[in-house]
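What follows is a single structure, written as structure tokens, with notes after it.
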Amino acid sequence: MIKIKNFTYTYPERSTPTIKNLDMEIARGEFVLLTGRTGCGKSTLLKGINGLIPHLVGGRMEGKIEIDGLDTRKADISTLSRKVGLIFQNPDDQIFSTVVQDEVAFGPENLALPRKTIRQAMDEALKLVGLDKFQHRGTHMLSGGEKQRLAIAAVLSMSPEVLILDEPLAQLDPQGATEVLKTIKRLNSNGMTVILVEHRVHEVAHLVDRIMIMERGRIVLDNEPRAAFERIDVFRKLGLRVPESSELSCAMGFKEVAMDLDEIKKGMNNGIKFPAGPSKGPASLELPGEKDSGTVALEMEGVCFRYDRRTDFILKDLSLRIKKGEVVSIMGNNGSGKSTLLLHFAALLKPSRGHVTILGRDSRKLEARRLAGTVGVVFQDPALMLFNETVEQEVAFGLRMLHLGEARLDQQVTEAMNAMDIAGLKDKNPLSLSGGQRLRVALASIFSMQPRVILLDEPTSGQDKSNSDSMLRYLYALSKNGMTILFTTHDIEAAIRYSDRLLIMNSGRIIADGLPRKIAGDTETLKRANLRPPVSFEIGRVFGIEAFCIEDLVRMATCSG
Amino acid sequence: MFRIRPLTVAEKKDSLVYHLDPRTKLLLLSSIGIIAVSLDEPRHLLFLSIFLIPAYLLARFELSKYKLIMLVILVGLWGMVLSQAMFYRQWPRTVILTIIPQDLPLLGRLTGGLYLYKEGLLYGLTQGLRFSVMIASGLLVAWTTEPRDLLLGLIRLRVPYGLAFMFITSVRFLPGLVSELFTVIAVQRLRGADPVKLGRHTLRSAMNILTPVLARSVKRAATLGASCESRAFNPNLPRTYLRELHYNRVDIMLSGAAVMVATALVMAKMIFWLYCKDILYFPGLRWLYAMAREL
């Protein structure tokens, strides 16, 4: 279906190619996972397959890409759009219609199809993604997962034979990601060729026929999943997360990599076992334990919040006390009220009812600006936090606003940059950096002010594992010096590893509040919030042990042979 | 904090102003704009403004929208009337209030005196009312017409598809853009800055706000462009449309009347101008000259 021969591509005004001499063949109906570090050339390759390179992006292209015998260099974009559909990371950036049916009809309208044909194509596409009842709904009323499915329907209406998706799960909550993956798998089962670019290898590996890893413009691994995970070192080196069952089987020395729980069970029968009976299990790497601090840093009492009287409450009667030095993670699907809660603790939102106290002061009497240097907020999109010309200026900005002396300013800036490993980038423009680097700059710009409270809105979203781990590890270390930290996340393992306390939110209420391990094992509560326990927990439960991350499983496993 | 969506999106209710064809609304909007520019007398402009009130009442908007339009109109009127009344430089001009007398020590010398002029006040009132009428009618159309209908309306009025698409797409992304603007301001406040404060750092602050918002917009535009192109978008090629608009009798009557009034007014003004410039004079049109002088 797709033949790529000696493909080399250099972007305009760049001297080195992003992709070098790439050869690849993908058969009709194959489901390929393309992964690798940020900037390795994955998205560029997709643009090549889609024909955006060289038709629209320009630059220098060598070699040949053929889609079903059609040379992408010779065919025009309109013809190619009927062969290949491209989905981007953020559905909000690609959906421009205000009503679902307009978005889906856009492609067939551009092809000047008759009205009856457009309607048929639209109905079929919406049905395929399970949005057939949403035809007249406003696009702004859809959830993240629904929006991404709409984006898929919008290309399906042009009847492409290949679907390529560029990190379609990055902006989605667990429920949305599940919906989208199910849709993609269903399309593939119907015979569609799928190329999926994704960092979250562990979540999609079980669906795909083949895994390709790119590094510096080349394919460094190309194999079916089981064979690919035999080279687990390649995944680890690139900070890619592999499925727990595969990781466990490799760590325990199985002869063959396990792809699911059944295969783990089978492997266990061959002489490897967990301690018998239910066990509390040992602590994982960063099991924090409750910190013994009496001082309350943040408090909410009977808080209700809504934007205006005509709308429903977003926060409903919340009462909460967070102690100094505590690290609190907040989980819940989009719209559950997590971010709204965070913004209350920065005095950016004031409660409609009830009281919020920030470090002993009533938030109603506080102006957000007066909290500078005391409360730091890292927003979900770090790019919106960067406006200075260099990284160094960015990190120093807050301190300058606080009129800190030059010597102390230099010291704090250097400390923050070193901590976030961005000292080498100090003269670069923050907006020219990669997503992970931008987040580190945004974090450093907050850390440099040494606030007493840090609030982070989904800091793990769109980040690879190594980035998330190093950031959260550093945050946890800061809490030991008395810094209070609240972060929202969709990653339950991150919440278990790096927080003292986990809050689960659903429809504006806190439905669980306690030790992360305890809550992560409470499947009923998690289910109420449309969340799932970590896969390690599910594996452990089968063997009667309590494990919450892969390290737990590996540590508890004993080899009796 | 960032909830500005209700102010930027159209509502959908069961009322005449919502049911009108977008082409009718666009024609009414253009006609009102032409009439507002053609009229010179504040009392006529005031009458034109009052004409919009029933339409606003029929629209039954959320309260926030009424508050916004009132705010925009009052601030616009106040600013224009006051600035023109104070800084009117044409002759003749009649002082109606002395703010700083010319003979006041220091300030009087420095400023040369500061006065409110009657002619400036009337000129400011005319400009302010023109501005109010245009803003009010523009927002009325925007708040009662879904962007998809507006797009179809523009296309059916023979506006090039690429241009209409660009306009409507920018409207679609406006709420997100404003929300990002508020986020950036909040971010900077939490780092000790006061980016909306006027002063010697205003320009720098504006740049600090605009840089991340523009960078994000450019990135979004690139994604959107790629998404459109990969769905065979080409503004220069013929395309078909799933939906169709329906122009009914009320639409024909309203748009016809609006276009006729605007055309008649422009014609009357032109004929009067030709007479004033001694280019063309018809004794039989003296009644028209007299009327046009008053408008």
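One table, with the values for the structure above:
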| read-out | value |
| --- | --- |
| Which listed residue is away from chain B (no Cβ under 11 Å), touching a Leu at 6+ places or on another chain (Cβ under 9 Å) and closer than 24 Å to A:Gly424 by Cα, from A:Val391, A:Val356, A:Val378 | A:Val391 |
| Selection status of B:Tyr247, aromatic (Phe, Trp, Tyr), over 19 Å from A:Val155 (Cα atoms) and either touching a residue at least 24 places away in the same chain (Cβ under 8 Å) or within 8 Å of chain A (Cβ to nearest Cβ) (or both) | yes |
| Residues located in region B:20-70, provided they are over 16 Å from B:Val141 (Cβ atoms) and β-branched (Val, Ile, Thr) | B:Val37, B:Ile50 |
| Residue check for A:Leu80: closer than 20 Å to A:Pro160 by Cβ and in a strand (DSSP E or B) | no |
| Residue in region A:17-37 that is modelled with pLDDT under 95, touching an Asp or Glu at 6+ places or on another chain (Cβ under 8 Å), more than 30 Å from A:Leu172 (Cβ to Cβ) and not acidic (Asp, Glu) present | no |
| Qualifying positions in region A:118-138 - within 9 Å of chain B (Cβ to nearest Cβ) and over 27 Å from the mean Cα position of the chain (by Cα) | A:Ile118, A:Arg119, A:Met122 |
| Among residues of region B:30-61, those that are touching a helix residue (DSSP H, G or I) at 6+ places or on another chain (Cβ under 8 Å) and open to solvent by 50 Å² or more (accessible area, probe 1.4 Å), counted | 7 |
| Qualifying position, being at positive phi and either at pLDDT below 90 or part of a helix (DSSP H, G or I) (or both), among A:Gly302, A:Gly294, A:Gly239 | A:Gly239 |
| Top-ranked residue in region B:176-191 [being facing chain A (nearest Cβ under 8 Å) and either open to solvent by 10 Å² or more (accessible area, probe 1.4 Å) or in contact with a Ser or Thr (Cβ under 6 Å, 6 or more places away or on another chain) (or both); ranked as nearest to B:Val9 (Cα to Cα)] | B:Gly176 |
| Which listed residue, of A:Asn418, A:Asn334, is farther than 25 Å from B:Asn208 by Cβ, open to solvent by 10 Å² or more (accessible area, probe 1.4 Å) and assigned to a loop (DSSP other than H, G, I, E, B) | A:Asn334 |
| Residues satisfying the stated conditions in region A:65-121, i.e. over 20 Å from B:Phe165 (Cβ atoms) and among the polar types (S, T, N, Q) | A:Thr72, A:Thr79, A:Gln89, A:Asn90, A:Thr117, A:Gln120 |
| Members of region A:359-371 that are within 7 Å of chain B (Cβ to nearest Cβ) and either hydroxyl-bearing (Ser, Thr, Tyr) or buried (at least 21 other Cβ atoms within 10 Å of the Cβ) (or both) | A:Ala368, A:Leu371 |
| Residue in region A:17-29 that is open to solvent by 40 Å² or more (accessible area, probe 1.4 Å), under 27 Å from A:Arg236 (Cβ atoms) and basic (Lys, Arg) present | yes |
| Matching residues in region A:445-455 - criterion: being aliphatic (A, V, I, L, M) and farther than 11 Å from A:Met385 by Cα | A:Met449, A:Val453, A:Ile454, A:Leu455 |
| Condition met for A:Leu165 (under 26 Å from B:Phe173 (Cβ atoms), touching a strand residue (DSSP E or B) at 6+ places or on another chain (Cβ under 9 Å) and surrounded by 21 or more Cβ atoms within 10 Å (Cβ to Cβ)) | yes |
| Residue count for region A:524-551, restricted to those that are β-branched (Val, Ile, Thr) and either in a loop (DSSP other than H, G, I, E, B) or open to solvent by less than 40 Å² (accessible area, probe 1.4 Å) (or both) | 4 |
| Filter result for A:Gly508 (over 15 Å from A:Val327 (Cβ atoms) and more than 18 Å from the chain's Cα centre (by Cα)) | yes |
| Matching residues in region A:102-111 - criterion: being assigned to a helix (DSSP H, G or I) and open to solvent by 10 Å² or more (accessible area, probe 1.4 Å) | A:Asp102, A:Glu109, A:Asn110 |
| Residue among A:Thr484, A:Thr489, A:Thr460 that alone is hydroxyl-bearing (Ser, Thr, Tyr), within 21 Å of the chain's Cα centre (by Cα), open to solvent by less than 40 Å² (accessible area, probe 1.4 Å) and modelled with pLDDT of 90 or more | A:Thr489 |
| Test result for B:Arg172, within 11 Å of another protein chain (Cβ to nearest Cβ) and free of Cβ contacts under 8 Å to residues at least 60 places away in the same chain | yes |
| Top-ranked residue of region B:210-242 - restricted to ones that are farther than 30 Å from A:Ser81 by Cβ and either open to solvent by 20 Å² or more (accessible area, probe 1.4 Å) or touching a Lys or Arg at 6+ places or on another chain (Cβ under 6 Å) (or both), ranked as nearest to the other protein chains (Cβ to nearest Cβ) | B:Thr211 |
| Selected residue (only one of A:Ala112, A:Ala105, A:Ala153, A:Ala125 is closer than 20 Å to A:Gln175 by Cβ and hydrophobic (A, V, I, L, M, F, W, C)) | A:Ala153 |
| Test: residue in region A:80-95 that is more than 29 Å from A:Gly435 (Cα to Cα), of a type outside the set (Phe, Trp, Tyr) and open to solvent by 30 Å² or more (accessible area, probe 1.4 Å) | yes |
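The values are calculated or read from the model by the stated rules, or taken from the named source; none is laboratory data. What you see is a predicted model; the values in this text were computed from it and never measured. All Cβ positions, glycine included, derive from the backbone under ideal geometry; neighbour counts span all protein chains shown. The area values use the complete protein model at the heavy-atom level, side chains included, leaving out ligands, DNA and RNA. Shrake-Rupley method; radii C 1.70, N 1.55, O 1.52, S 1.80 Å.
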